[in-house]
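The values are calculated or read from the model by the stated rules, or taken from the named source; none is laboratory data. Since this is a predicted model, take the numbers as computed values, not measurements. Cβ: placed from backbone, ideal geometry, glycine included. Neighbour counts: every protein chain shown. Areas reflect the complete protein model, heavy atoms only, side chains present, ligands, DNA and RNA absent. Shrake-Rupley method; radii C 1.70, N 1.55, O 1.52, S 1.80 Å.
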Amino acid sequence: MENLEERIEQANTLEALEKVRIELFGKKGALAAEFAKLKDVPGPEKKAFAEGLNKNKAKLQAVYDERYELLKKEEIERLLKAEAIDVSLYNNLNEKGALHPVMATMDKIIDYFVALNFSIEDGPKVEDDFHNFEALNLPKNHPARDMQDTFFFKDGAVLRTHTSPVQIRTMLAQKPPIRMIAPGAVFRKDYDITHTPMFHQIEGLVVGEVGEVSFANLKSVMSDFLHYMFGDVEIRFRPSFFPFTEPSAEVDISCIFCEGEGCRVCSHTGWLEVLGCGIVDENVFKAVNYKNVSGYAFGLGIERFAMLLHKIPDLRMLFEGDTRLLEQFR
Ligand code: DAH
């Protein structure tokens, strides 16, 4: 029996112990063999023999149980270690996030105009022909519609190509005076280093009584705004054309990369075009039934501002979600 106890003690794994258990306690095991001898023991000694066997069996069982508990505990500890999950793996989630540069630029622009008491207006991204074109003095077959590479729906609705339709919606919903901006996403069939099919614009509109709103007002607000955005730059107003404004201007700043010397970014002109603006065309006021008013409007692309402010070479980078770019804005 000493020998049997030793065999239990020597089992080093649950598997080995199980083998020993079968060898000792199984139907054909060592103990069963001992009990089988009982039938050959002479009558008077049977009782003592049986008692001895049972005592030994109980002792072995106790040794076995103790060994089993020990090995089981070791096995659990081993499994816990092997299957441990490193909860610190994702601790970089603690790192601070940041606004996307496009949203940060949008916020900076909005801040400027909110401080000047402009309201923030909104409109749908799926627009109808009237708001996106017609009311903005872009009648059907007007050649200026070619300026817009439009996504059309089958029913004639469009993804708005600019935020200008919000001017129309606001004037139809409110009485003058109006002093509003409309930030938001717009859509055009375009894709190259300075264009993506979705981008953001901010539209501005100021309407007052006749004589109250002038090109001089527009010029001073735009100049001050561009100095706020780009610091100490030269500003020039270039005559241009938009169907919804007359007269119209495009506004340039002196190139912030070469300070006007001429470089690749400014196509060696020394100037960067940053926004469009003008005096609201009479036909636009007619479309919304406004009488005896004057106004100015402007529109700009937010991604273009973000690119210039942060010297991002390819506009498409702003939408690739590459964290190597984004984490620089923390
Ligand atoms: N809607 C024009 C565009 O998408 C931008 C624009 C230019 C808006 C002049 C205006 C404006 O309100 O007066 O290119």
(request) Report the dimensions of segment 1-68 along its three principal axes from the alpha-carbon atoms, largest first, rounded to Å. (result) 42, 20, 15
(request) Given the peptides 291-297, 10-16, 162-168, arrange them by the average over their residues of other C-beta atoms within 10 Å, most packed first. (result) 162-168, 291-297, 10-16
(message) With n ≥ 4 as the cut-off for DSSP H runs, can you work out [θ] at 222 nm for the chain, using -39500 (n - 2.57) per run divided by the number of residues, rounded to the nearest 500?
(response) -12500 deg cm²/dmol
(request) Calculate, for the chain, the solvent-accessible area per residue in square angstrom, rolling a 1.4 angstrom probe over the heavy atoms of the protein chains. (result) 58 Å²
(request) Specify the angular offset, from 0 to 90 degrees and rounded to the nearest 10, of the alpha carbon long axis of helix 43-82 from the longest principal axis of the alpha carbons in the chain. (result) 20 degrees
(request) Taking 7 Å along the Cα-to-C-beta vector as the label spot, tell me the Tyr228-Glu134 distance in nanometres, rounded to one decimal. (result) 3.6 nm
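Please go through the residue pairs Lys175/Lys219; Lys189/Lys286; Lys154/Lys219; Lys96/Lys219; Lys19/Lys46; Lys108/Lys189 and name each one whose alpha carbons sit more than 32 Å apart in this structure. Don't jump to the answer; show the numbers that get you there.
Values: Lys175/Lys219 24 Å; Lys189/Lys286 30 Å; Lys154/Lys219 41 Å; Lys96/Lys219 40 Å; Lys19/Lys46 30 Å; Lys108/Lys189 27 Å.
Distance filter (> 32 Å) returns Lys154/Lys219; Lys96/Lys219.
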(request) May I ask you to derive the relative contact order of segment 171-257, considering only C-alpha pairs under 8 Å and at least 6 residues apart, and to give it as an integer percent? (result) 19 percent
(request) Quote to one decimal, in nm, the extra length available between Ala36 and Glu83 on full extension: 0.36 nm per residue of separation minus the C-alpha distance between them. (result) 12.3 nm
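How high is the relative contact order of segment 101-329, in percent, with contacts defined as C-alpha pairs under 8 Å that are six or more residues apart?
Numbers: 426 pairs, mean separation 48.5, N = 229.
RCO, segment 101-329: 21 percent.
What's the extension gain from Asn56 to Asp190 if we count 0.36 nm per residue and subtract their Cα-Cα distance? It would help to have the intermediate numbers written out before the result.
Values: separation 134, 0.36 × 134 = 48.24 nm, distance 9.05 nm.
Separation in residues times 0.36 nm, less the Cα-Cα distance, equals 39.2 nm.
Of the listed peptides 135-144, 68-77, what is their order by residue-averaged count of other C-beta atoms within 10 Å, with the highest listed first? Don't skip to the answer; put the middle values down first.
Numbers: 135-144: 15.6, 68-77: 12.3.
Result, highest mean first: 135-144, 68-77.
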(request) Using Cα centres only, tell me the gap between segment 24-99 and segment 129-159 in whole Å. (result) 82 Å
(request) Under 16 Å Cα to Cα from Lys125, which aspartates and glutamates show up? Leave out anything in the same chain fewer than 8 places away. (result) Asp149, Asp155, Glu203
(message) Limiting things to C-alpha atoms, what are the Rg and the maximum Cα-Cα separation (Dmax) for segment 101-329, in angstroms?
(response) 17.4, 54
(request) Tally up the carbon and sulfur contribution to the accessible surface of the chain as a whole percent, 1.4 Å probe, everything protein left in place. (result) 53 percent
(request) Sum up the charges of everything whose Cβ sits under 15 Å from the Cβ of Glu77, counting Lys and Arg as +1 and Asp and Glu as -1, but leave Glu77 out. (result) 0
(request) Compute all pairwise cysteine Cβ distances in the chain, then list the cysteines with no distance under 4.7 Å to another cysteine. (result) Cys277
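If packing is taken as the mean number of other Cβ atoms within 10 Å per residue, what is the order of 34-46, 307-319, highest first? Spell out each step's value before the answer.
Numbers: 34-46: 10.4, 307-319: 15.8.
Peptide ranking by packing, descending: 307-319, 34-46.
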